[in-house]
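What follows is a set of notes on a single structure, which appears directly below.
The values are calculated or read from the model by the stated rules, or taken from the named source; none is laboratory data. Predicted model only: the values in this text are computed from it and were never measured. Backbone-built Cβ (ideal geometry, glycine too); neighbour counts: all protein chains shown. Accessible surface is based on the protein model in full, side chains and every heavy atom, while ligands, DNA and RNA are left aside. Shrake-Rupley method; radii C 1.70, N 1.55, O 1.52, S 1.80 Å.
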Amino acid sequence: RSITACLSGGSALPVEVVGRTALVDQLSHRLLGHGGRLLTLVGPPGVGKTTLALAVATRVQHHYPDGARFIPLATVPDARLLATTLLTTIAPGDASRNAPDRRLVELLQQQQLLLLLDNLEQIEGASSLIATLLAECPNVTILATSRERIHLRAEQRCKVPPLNLVAAVELFVQRAQAVDEEFRLTDENRATIAAICQRLDCLPLALELCAARIDLFSPQVMLARLKEQGLD
């Protein structure tokens, strides 16, 4: 199904959620009903952690008076810049002379919001700032995505699985139709598309990358190429 994520601090973000409805429901209940205020979605690249996190944040953001903030961190190289990045997103133009981490705490102590921290895995030492925010900002909840757990006592974790085969085929067809509106799932190509999805381990990003080339290769040719060399 399609969701539009209107997270404060950014423009409307279209979020396509295929085969994840039950998981979105489960994670939303965990985020709101569990005593811990840190939930990390863990999984390999391309499994759909960001899309899932955005869908969950969209579902629960109205429970937080100050809304939700989506903060992409893929370009943040180390923990020293993490506080600065968060502060710039939460309070752009802030003129305080306090250290970024202390100023961030000052601001968040006054807010009740959800922080969606995307791609934490490459920031060594990020757990220290996150622990501080959880300890000193009692009304802040953090939803994070990472290839690895954050290793904090307060952390809840969800290992994000690949799509099941039915959902993988649905996603492939959707993305193929975005390129070729005449593309259809038929009795003749169903088994081939299912085999493509299995070759790609039903990973959403891999499915999207392959489906985007449906105007160049037929499903049969695509499957043959995957059998020859796979997808890096």
> What is the number of the single condition among (1) at pLDDT 90 or above; (2) touching a strand residue (DSSP E or B) at 6+ places or on another chain (Cβ under 7 Å) that Pro44 does not meet?
Replying inline: (2)
> Mind checking which residues of the range 187-232 are among the aromatic types (Phe, Trp, Tyr) and surrounded by 20 or more Cβ atoms within 10 Å (Cβ to Cβ)?
Replying inline: none
> Does the range 155-163 contain any residue that is part of a helix (DSSP H, G or I) and either of a type outside the set (Ser, Thr, Tyr) or over 19 Å from Lys49 (Cβ atoms) (or both)?
Replying inline: no
> Hey, among the residues in the range 113-156 that are closer than 18 Å to Leu31 by Cβ and exposed (fewer than 14 other Cβ atoms within 10 Å of the Cβ), which one's nearest to the chain's Cα centre (by Cα)?
Replying inline: Arg153
> Does any residue of the range 164-178 turn out to be modelled with pLDDT under 95, within 15 Å of Gly46 (Cα to Cα) and not in a helix (DSSP H, G or I)?
Replying inline: no
> Being hydroxyl-bearing (Ser, Thr, Tyr), open to solvent by 20 Å² or more (accessible area, probe 1.4 Å) and touching a helix residue (DSSP H, G or I) at 6+ places or on another chain (Cβ under 9 Å), is that true of even one residue in the range 89-105?
Replying inline: yes
> Within the bounds of the range 116-131, is there any residue that is part of a helix (DSSP H, G or I), over 30 Å from Val18 (Cβ atoms) and in contact with a Cys (Cβ under 9 Å, 6 or more places away or on another chain)?
Replying inline: no
>> Take the conditions over 19 Å from the mean Cα position of the chain (by Cα) and open to solvent by 50 Å² or more (accessible area, probe 1.4 Å) and apply them to Gln109. Does it pass?
In response: yes
